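Mind looking over this structure? Questions follow.
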Amino acid sequence: MMSAQALRRAIVGNDIDHSAILNALSEPLFVLDAAGCFVYVNLAAEQFLGQSSKTLLGRPLTDLLPADHPIFMLVEQARAGGHSITEFGVTIETPRIGTHLVAVDVSAINEHEGHVVVALHQRSIERKLDHQLTHRSAARSITGMAALLGHEIKNPLSGIRGAAQLLESSVEENDRPLTRLICEEADRIVSLVDRMEMFADDRPIERGAVNIHEVLGHVRRLAETGFAGQATFYESYDPSLPPVYGNRDLLIQALLNLVKNAVEALPKTGGEIYLSTRYQQGVRLAIPGSGSRVDLPLVVTIRDSGKGIPQDLRASLFDPFVTTKPAGKGLGLALVAKVVGDHGGTIEFESDEKGTAFRLMLPKAP
């Protein structure tokens, strides 16, 4: 997804054919002047808006959208701040184009006072919202399952294990491995149910100001002294990053799971793990089903140099019991997704044959 800042640079540059590049984009893009009128519309925007550029040029955007539409507030914020601002989950609805859920990316063109570039991202917002809604839906489904398993399975398992222990003292020596196997398998199931019961706690988490760099440092030390002996870590942190509004223990748990997954994706001979943070100005997520919006300016990225996630698993990666590991339970990413969702944040990933990057967007402390 090309950002509005990159698009702005393409528009004001002098060494390329601007129209050819912008018309080649598959995402709608248009430029508004200080009066809010169209001064440029690419082909994708013509199709999205259902009108030709000849019809649109010189007309105000208010001819297409009501004056109280959120896009106008974003335009004014971008003009006032002279920077780029993004909002996810914006609905654009007109009789001509129907209803679309998009991300709106607005960037001020400082070289032309009052002018802004507006880019609409349909596929990207669907992906981001799918990730957010998928992991929260997965968390809800596994919450009910955990409650059911905790009540209906752990109690009978205790009886089965107790009976196996009694049998062990009365059976012949050759048969005792079978009774031990029953006990071990019962313990393994109880352990799995205990892990799932973590999802059943739907109480609001205790939150405060958390230094995410201290959390990442702690996670790295745990990894290097434990499961990540062959991996090489690299850090790229924004030293001016404000604190995260979060729960330190839960963030450690989530990031440790991501680092563990990253290490397991590396070859046995080792590889690279990259930990990075940055501040992302002007990104907000609209919460579906409510009128509230959450600012998510803090970005934490865990990237590995592994072989990537299989294509057939990517759509359901945050679902419980989805895993590529032979002995894996498939609860690690579901737990990460729940923790991020409980913080009001969102998680997304990018993966190819050169590796995978998980990106967490989190709120800053008030």
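The values are calculated or read from the model by the stated rules, or taken from the named source; none is laboratory data. None of the values given here were measured: they were computed from a predicted structure. No Cβ is skipped: glycine too gets one built from the backbone with ideal geometry, and neighbour counts run over all protein chains shown.
Being modelled with pLDDT of 90 or more and either in contact with a helix residue (DSSP H, G or I) (Cβ under 7 Å, 6 or more places away or on another chain) or outside the structural domain of PHE30 (by TED's automatic domain parsing) (or both) narrows it down to one residue among VAL106, VAL75; which is it?
VAL106 is the lone residue from the list that is modelled with pLDDT of 90 or more and either in contact with a helix residue (DSSP H, G or I) (Cβ under 7 Å, 6 or more places away or on another chain) or outside the structural domain of PHE30 (by TED's automatic domain parsing) (or both).
Give me the residue from the stretch 62-109 that is touching a residue at least 24 places away in the same chain (Cβ under 8 Å) and at positive phi and, out of that set, surrounded by the most Cβ atoms within 10 Å (Cβ to Cβ).
Here the answer is GLY89.
Specify the residue that is nearest to ARG359 (Cα to Cα); the eligible residues are those in the stretch 223-268 that are among the aromatic types (Phe, Trp, Tyr) and under 20 Å from the mean Cα position of the chain (by Cα).
Per the stated criteria, the residue is TYR237.
Given (1) within 26 Å of the chain's Cα centre (by Cα); (2) modelled with pLDDT of 80 or more; (3) among the hydrophobic types (A, V, I, L, M, F, W, C), where does PHE88 come up short, assuming only one miss?
Just one mismatch for PHE88, condition (2).
Next question. Between residues in the stretch 304-318 that are in the same structural domain as LEU335 (by TED's automatic domain parsing) and residues that are of a type in the set (Ser, Thr, Tyr), which pairs lie under 6 Å by C-beta distance while being six or more apart or on different chains?
Hits for this filter: ASP304/THR356; GLY308/SER351; GLY308/THR356; ILE309/SER351; ILE309/THR356; PHE318/THR134.
Failed condition for THR232, given (1) closer than 22 Å to ALA337 by Cβ; (2) of a type in the set (Val, Ile, Thr); (3) modelled with pLDDT of 90 or more, with all others met?
(1)
Could I ask something else about it? Considering (1) over 18 Å from LEU101 (Cβ atoms); (2) surrounded by 20 or more Cβ atoms within 10 Å (Cβ to Cβ); (3) modelled with pLDDT of 90 or more, say which one ALA34 fails and leave the rest.
(2)
Which residues, taken from the stretch 243-259, are part of a helix (DSSP H, G or I), in contact with a helix residue (DSSP H, G or I) (Cβ under 9 Å, 6 or more places away or on another chain) and surrounded by fewer than 18 Cβ atoms within 10 Å (Cβ to Cβ)?
GLN253
On to the next question. Does the stretch 45-55 contain at least one residue that is under 30 Å from GLY345 (Cβ atoms), under 28 Å from the mean Cα position of the chain (by Cα) and surrounded by 13 or more Cβ atoms within 10 Å (Cβ to Cβ)?
Step one: of the stretch 45-55, the residues under 30 Å from GLY345 (Cβ atoms) are 48.
If we keep only those that are under 28 Å from the mean Cα position of the chain (by Cα) as well, we get 48.
Applying the additional criterion that residues be surrounded by 13 or more Cβ atoms within 10 Å (Cβ to Cβ) yields 48.
So far as the stretch 45-55 goes, yes, one or more of its residues are under 30 Å from GLY345 (Cβ atoms), under 28 Å from the mean Cα position of the chain (by Cα) and surrounded by 13 or more Cβ atoms within 10 Å (Cβ to Cβ).
Ok, one more. Take the residues of the stretch 277-331 that are of a type in the set (Val, Ile, Thr), at pLDDT below 70 and part of a loop (DSSP other than H, G, I, E, B): which is farthest from GLY89 (Cα to Cα)?
Here the residue is THR324.
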